[in-house]
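What follows is a single structure, written as structure tokens, with notes after it.
The values are calculated or read from the model by the stated rules, or taken from the named source; none is laboratory data. Computed from a predicted structure; not experimentally measured. Glycine gets a Cβ as well: all are built from the backbone with ideal geometry, and neighbour counts include every protein chain shown.
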Amino acid sequence: MFLREIKVNFKSFLIWLSVLIGIFLVVFLIYPHMFNKENMEMFDEMMAMFPEEVLKAFNMDIASIDTVFGWIKTEGFIFVLLIIGCYASILGSNILLKEESDKTIEYLNSLPITRSKIVLNKFLCGICYVVLMVLGLSIFNYFGLILSDNFDHRSYLLLSITPLFSSLVFFSLSMFLATFTHKTKKMLGISLGIVFISYILQTIASLSNNVSFLKYFSIFTLADTRYVITNSALNMNIIFISIILTILFLGLTLIRYNKKELI
């Protein structure tokens with residue numbers, strides 16, 4: 001069944017990965033021509049006009065975008081986190097529900113396989129594709145950076161891992177929430193809503209200390225790129241929390257799916 005799930009979800013995986021690679025391919029091709037000495041002086045003057053809180057929200061207070069790697073550390077990883085987060089959330093919301101919408105759940109129920117095994121196989125498939133998405137983009141960007149400019153290899157490798165910590169939670173949470181409905185369109189809106197609300201909360205939390213507590217309600221807090229940039233290390237507490245939340249939502253999914261009335 002695991003191989004069946006890999007085959008079924010392979011096409012959508014390629015589409016999402018191609019979109020991400022396409023975005024960064026354009027960046028690698030045009031970025032060196034956008035930021036010459038004259039443009040950088042104008043850009044530095046413009047950046048000086050922004051409040052420190054705004055720069056902090058995009059990591060621009062600790063990283064300059066005068067190189068491709070600098071852009072990746074700031075705006076670039078926002079794209080990565082959002083797009084991979086959306087992919088993981090949509091995958092989690094659909095991977096169980098599509099059996100009901102495609103009317104294939106009756107076929108699965110006729111097989112000598114338990115509901116728990118169905119969930120576990122789909123969960124492992126989703127985890128594999130989220131990891132492959134992060135890995136595929138990381139490899140492409142790594143070679144793109146080698147051809148573009150000098151960069152800190154260790155810092156990049158650590159940064160490239162961070163999307164995993166938020167995306168796996170998005171995937172497992174969406175998978176759990178999907179057990180409460182039978183409609184894929186409804187779950188699509190919910191799953192994307194969770195991603196964008198998390199991003200908004202994370203952005204607002206970084207703008208002022210008065211609302212910094214909002215970061216604890218954002219899943220993107222688990223992808224702590226700022227910590228990696230400033231410390232050249234991963235936050236082990238974040239990794240532990242991500243693993244615990246992923247396992248927790250998997251457990252809740254198993255409980256709910258075994259009780260759910262399937263169409």
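Does Ile194 satisfy the condition of being over 13 Å from the mean Cα position of the chain (by Cα), among the aliphatic types (A, V, I, L, M) and in a helix (DSSP H, G or I)? Considered against the rule, which asks whether it is over 13 Å from the mean Cα position of the chain (by Cα), among the aliphatic types (A, V, I, L, M) and in a helix (DSSP H, G or I), Ile194 comes out as no.
Could you check Val27 against (1) within 25 Å of Thr203 (Cα to Cα); (2) modelled with pLDDT under 70; (3) in a helix (DSSP H, G or I) and say which number it fails? Failed condition: (2).
Exactly one residue out of Leu222, Leu157, Leu248 is of a type outside the set (S, T, N, Q), closer than 15 Å to Phe77 by Cα and either surrounded by fewer than 15 Cβ atoms within 10 Å (Cβ to Cβ) or modelled with pLDDT under 85 (or both), and it is Leu157. Only one of the listed residues (Lys73, Lys98) is within 30 Å of Ile204 (Cβ to Cβ), in a helix (DSSP H, G or I) and at pLDDT below 90. That residue is Lys73. Restricting attention to region 206-241, the residues that are outside any loop (DSSP other than H, G, I, E, B), in contact (Cβ under 8 Å) with a residue 40 or more places away in the chain and among the charged types (D, E, K, R) total 1.
Of the residues making up region 116-149, those that are of a type outside the set (A, V, I, L, M, F, W, C), farther than 23 Å from Phe249 by Cα and in contact (Cβ under 8 Å) with a residue 60 or more places away in the chain number 5. Residues that are modelled with pLDDT of 75 or more, touching a Phe, Trp or Tyr at 6+ places or on another chain (Cβ under 9 Å) and crowded, with 19+ Cβ neighbours inside 10 Å do occur in region 45-68, at least one of them. Scanning region 101-130 for residues that are at pLDDT below 90 and hydroxyl-bearing (Ser, Thr, Tyr) yields Ser101, Thr104, Tyr107, Ser110, Thr114, Ser116.
Number of residues in region 191-219 that are modelled with pLDDT of 85 or more and surrounded by fewer than 16 Cβ atoms within 10 Å (Cβ to Cβ) equals 8.
Only one of these is under 17 Å from Leu20 (Cβ atoms) and either modelled with pLDDT under 90 or in a helix (DSSP H, G or I) (or both): Phe151, Phe143. Name it. None of the other options fit; the residue is Phe143.
Being over 28 Å from Phe77 (Cβ atoms) and either β-branched (Val, Ile, Thr) or buried (at least 16 other Cβ atoms within 10 Å of the Cβ) (or both) is the filter here, so list the residues in region 116-154 that pass it. Lay out the reasoning, then the answer.
Filtering region 116-154 for residues over 28 Å from Phe77 (Cβ atoms) gives 116-122.
Passing the criteria: Ile118, Val119, Leu120, Asn121, Lys122.
When restricted to residues that are more than 28 Å from Arg115 (Cα to Cα) and buried (at least 17 other Cβ atoms within 10 Å of the Cβ), region 236-245 contains 1.
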